[in-house]
1. Let me know the shape class of segment 49-119, please: from the alpha-carbon gyration tensor, a ≥ b ≥ c as square roots of the eigenvalues, rounded when a/c is under 1.5, otherwise prolate if a/b is greater than b/c, or oblate.
2. Can you show me the helix-derived [θ] at 222 nm for the chain, built from DSSP H runs with n ≥ 4 at -39,500 (n - 2.57) apiece and divided by the number of residues, rounded to the nearest 500.
3. How big is D for segment 1-81, in µm² s⁻¹ as a whole number, if Stokes-Einstein is applied with the Kirkwood radius of its Cα pairs at 4 °C and 1.567 mPa s?
4. Using a basic spin-label model with each label point 7 Å from the Cα along Cα→Cβ, how many nm lie between residue 151 and residue 44?
5. Would you please put 25-32, 128-135, 113-120 in order of how densely packed they are, using the mean number of other Cβ atoms within 10 angstrom per residue and starting with the highest?
6. Between rounded, prolate and oblate, where does segment 108-175 land on the alpha carbon gyration tensor, with a ≥ b ≥ c its root eigenvalues, rounded for a/c under 1.5, else prolate if a/b exceeds b/c?
7. What do the square roots of 5 times the Cα gyration tensor eigenvalues come to for the chain, in whole Å, largest first, as semi-axes of the equivalent ellipsoid?
8. Once each part is reduced to its C-alpha centroid, what is the distance from segment 14-66 to segment 112-184 in angstrom?
């Protein structure tokens, strides 16, 4: 593919995007150890569990997730995943997951990661992307997705619950991809 990708963030910081590699396991564990609890409770996996990170690393070559990481200097500052299915009625749909360190947010790093996953999804022949967001928590990410032509497909009211028991809506967003032309 087209890696590594050198990018410049909104504040002028240089960063590098490339696929997750086996040698990244310690750096990925370190990255997720810096994500605060208020940003982890709505994730699908306990990213503080070394076994979760190990499973992701073990799946690099053969797993259903295509992962990229962004580095500033020698530290991972963002991790993105494109979840794929090889069988079934939704094998044409990729699911997205992106996490950015708090100090690197609002610098368009998440947008760069999203653009990269969109291109990868197109290269893999997918026709739709799905991203789920917690309303009231991930509003900036929702707005970024809308700017990249994702649309709200459904809102699941009071679907997710934080550790204190407060319920939030989850919005399911979809982006249609066209293999014959690029989105950007």
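What follows is calculated from the coordinates using simple rules that are stated; it is not laboratory data. Everything quoted here is computed from the prediction, not taken from an experiment. Cβ atoms come from the backbone with ideal geometry, glycine included; neighbour counts cover every protein chain shown.
1. oblate
2. Numbers: 5 runs with 46 residues, N = 184.
Roughly -7000 deg cm²/dmol at 222 nm, from the helical runs in the chain.
3. Values: Rh = 13.4 Å.
The diffusion coefficient I find is 97 µm²/s.
4. 2.4
5. The peptides rank, most packed first, as 113-120, 128-135, 25-32.
6. Cα axes put segment 108-175 in the prolate bin.
7. 22, 21, 18
8. Each part reduced to its Cα centre gives a spacing of 19 Å.
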